[in-house]
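The values are calculated or read from the model by the stated rules, or taken from the named source; none is laboratory data. Everything numeric in this text was worked out from a predicted model, so none of it was measured. Cβ placement follows ideal geometry from the backbone for every residue including glycine, while neighbour counts extend to all protein chains displayed.
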Ligand SMILES: *[C@@H]1O[C@H](CO)[C@@H](O)[C@H](O)[C@H]1NC(C)=O
Ligand SMILES: *[C@@H]1O[C@H](CO)[C@@H](O)[C@H](O)[C@H]1NC(C)=O
Ligand SMILES: *[C@@H]1O[C@H](CO)[C@@H](O)[C@H](O)[C@H]1NC(C)=O
């Protein structure tokens, strides 16, 4: 009798539990599910679902209903995405992202397509040919983290169809200053070795009339023309320099990148971008940690320079596609964040704290470092911050983490020739938007 009553009680709570879950399911589908699927249709591909049902991750509980697929956290059932191509755009904070992706690839033993020579870009500005990267045993690859331009045709022919495309871009004026400094463009612009008063800020001179100054700082290389000061971010995403004034082409280009890329991160919203990356890729929090301690950065005279309205206007006109790119993908980033719901910001807060704590821990000398174990939480399984982990986190140079990635690849039969076609000619004559090389 008692037993029967207990069982009836259980049955009743089971019944109400089921009703509750169903109602929650409907609510979630209406409010989040549809929108999320539209925002990132590639987030859960059929292969991922089928891999999962084949029992790749037996420890994870399985939810049969598709709306649960985007649940993140420890008890999620999404499957980590292990095929990705990172388009590493110059001077956008991309080395920090590369470090993360290298660590991820080492941990998961992914086959990364690495350049034959240790200090090279994979290939730039054209796509790599056989012989420029080490051969994998089965001819297949799952990731790219070294410099190369986005080339959909080539990448789709070499990588699986569920590959995630990722990049990071930066506010265009900050990018201009960084590019000017890094590539020593002021010497080229001023065309004199001895400095005169006013020379400290070449940006002012350049932005007085950027169209006039192009001729000293533009290039043609491997039959491809590019300008480091003009739409140089869009260039690495495959946009042609010759289309700088074609807004129609620019609009189509943005739509293509929006469709092809899982995420375009924004340097000015770096932590938000990374938390979103983790969620879209179904990774762990430890995969997106980076050394957030202030670095000793090379400083230069015009680093904090703010443009006048006129300079800003000239830059926007000259560098139009990069400004369009930035505005489009900043909006797109925030739309994606909003559609993640309020829990995103709880995770973000936790992530920032954790990142600071671990960066601080790792900055202590190995002897002084205590033991640090990050407890399991809604967003991560428990993990131990080891000395090896700290070493990798704090590595500044890309090539330092290439070793383990290169280890299981085979030497290719041909030597890497950087970019194939040396030397790089600086171009000197401009007619309208067409470029003639110097003889
Ligand atoms: C892009 O890839 C295609 C196919 O491999 C190739 O023919 C083309 O030359 C590549 N474009 C560039 C700019 O490298
Ligand atoms: C990006 O967009 C957000 C939301 O519209 C805005 O608050 C933010 O200022 C923008 N960021 C930059 C760096 O322009
Ligand atoms: C970071 O460290 C502080 C101080 O030790 C601690 O109170 C906090 O809980 C830590 N936060 C995380 C997310 O690790």
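The table that follows gives values for the structure above.
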{"item": "Restricting the stretch 364-375 to residues that are touching a residue at least 12 places away in the same chain (Cβ under 8 Å) and exposed (fewer than 14 other Cβ atoms within 10 Å of the Cβ), the residue that is nearest to ligand 1 (Cβ to nearest atom)", "result": "366"}
{"item": "Checklist (1) modelled with pLDDT of 95 or more; (2) buried (at least 18 other Cβ atoms within 10 Å of the Cβ); (3) within 16 Å of ligand 1 (Cβ to nearest atom) applied to residue 133, failing item", "result": "(1)"}
{"item": "Count of residues meeting criterion [more than 18 Å from residue 287 (Cβ to Cβ) and within 21 Å of the chain's Cα centre (by Cα)] in the stretch 325-348", "result": "16"}
{"item": "Spans of helices (runs of 4 or more DSSP H) in the stretch 150-227 with at least 3 residues under 30 Å from residue 333 (Cβ atoms)", "result": "152-158, 172-182, 202-208"}
{"item": "Flag if residue 202 is more than 29 Å from the chain's Cα centre (by Cα), over 30 Å from residue 151 (Cβ atoms) and loosely packed, with under 15 Cβ neighbours inside 10 Å", "result": "no"}
{"item": "Selection status of residue 170, closer than 30 Å to residue 304 by Cα, away from ligand 1 (no atom under 16 Å from the Cβ) and surrounded by fewer than 17 Cβ atoms within 10 Å (Cβ to Cβ)", "result": "no"}
{"item": "Within the stretch 136-160, considering residues that are closer than 13 Å to residue 113 by Cβ and under 15 Å from the mean Cα position of the chain (by Cα), the one surrounded by the fewest Cβ atoms within 10 Å (Cβ to Cβ)", "result": "147"}
{"item": "Matching entry among 377, 363 (being within 15 Å of ligand 3 (Cβ to nearest atom), within 17 Å of residue 282 (Cβ to Cβ) and over 23 Å from the mean Cα position of the chain (by Cα))", "result": "377"}
{"item": "Those residues of the stretch 133-149 which are assigned to a loop (DSSP other than H, G, I, E, B) and either within 16 Å of ligand 2 (Cβ to nearest atom) or closer than 24 Å to residue 100 by Cβ (or both), in sequence order", "result": "134, 136, 140, 141, 142, 145, 146, 147, 148, 149"}
{"item": "Test: residue 300 is under 25 Å from residue 90 (Cα atoms), in contact with a helix residue (DSSP H, G or I) (Cβ under 6 Å, 6 or more places away or on another chain), assigned to a loop (DSSP other than H, G, I, E, B) and at pLDDT below 95", "result": "yes"}
{"item": "Any hit, the stretch 337-348, residues being out of contact with any helix residue (DSSP H, G or I) (no Cβ under 8 Å at 6 or more places or on another chain) and within 11 Å of ligand 3 (Cβ to nearest atom)", "result": "no"}
{"item": "Some residue of the stretch 339-352 being surrounded by fewer than 13 Cβ atoms within 10 Å (Cβ to Cβ), out of contact with any strand residue (DSSP E or B) (no Cβ under 6 Å at 6 or more places or on another chain) and closer than 16 Å to residue 277 by Cα", "result": "yes"}
{"item": "Residue match in the stretch 187-196 (condition: modelled with pLDDT of 85 or more and more than 16 Å from ligand 3 (Cβ to nearest atom))", "result": "no"}
{"item": "Candidate set from the stretch 381-399 (those that are loosely packed, with under 13 Cβ neighbours inside 10 Å and modelled with pLDDT under 90); member that is nearest to residue 225 (Cα to Cα)", "result": "397"}
{"item": "Unique residue being more than 16 Å from ligand 1 (Cβ to nearest atom), assigned to a helix (DSSP H, G or I) and closer than 30 Å to residue 82 by Cβ when the list is 255, 250, 234", "result": "255"}
{"item": "Single condition residue 358 does not satisfy, out of (1) in a helix (DSSP H, G or I); (2) out of contact with any strand residue (DSSP E or B) (no Cβ under 8 Å at 6 or more places or on another chain); (3) more than 16 Å from ligand 2 (Cβ to nearest atom)", "result": "(2)"}
{"item": "Residue count, the stretch 121-139 (criterion: more than 18 Å from residue 238 (Cα to Cα) and either within 16 Å of ligand 3 (Cβ to nearest atom) or out of contact with any helix residue (DSSP H, G or I) (no Cβ under 9 Å at 6 or more places or on another chain) (or both))", "result": "9"}
{"item": "Output for the stretch 292-315, where each listed residue is in contact (Cβ under 8 Å) with a residue 24 or more places away in the chain and within 16 Å of ligand 2 (Cβ to nearest atom)", "result": "307, 312, 315"}
{"item": "Residues of the stretch 91-119 satisfying the condition of being within 16 Å of ligand 1 (Cβ to nearest atom) and under 23 Å from residue 182 (Cβ atoms)", "result": "115"}
{"item": "Flag if residue 252 is surrounded by fewer than 15 Cβ atoms within 10 Å (Cβ to Cβ) and more than 16 Å from ligand 3 (Cβ to nearest atom)", "result": "yes"}
{"item": "Residue 326 more than 29 Å from residue 175 (Cα to Cα), more than 16 Å from ligand 1 (Cβ to nearest atom) and buried (at least 16 other Cβ atoms within 10 Å of the Cβ)", "result": "no"}
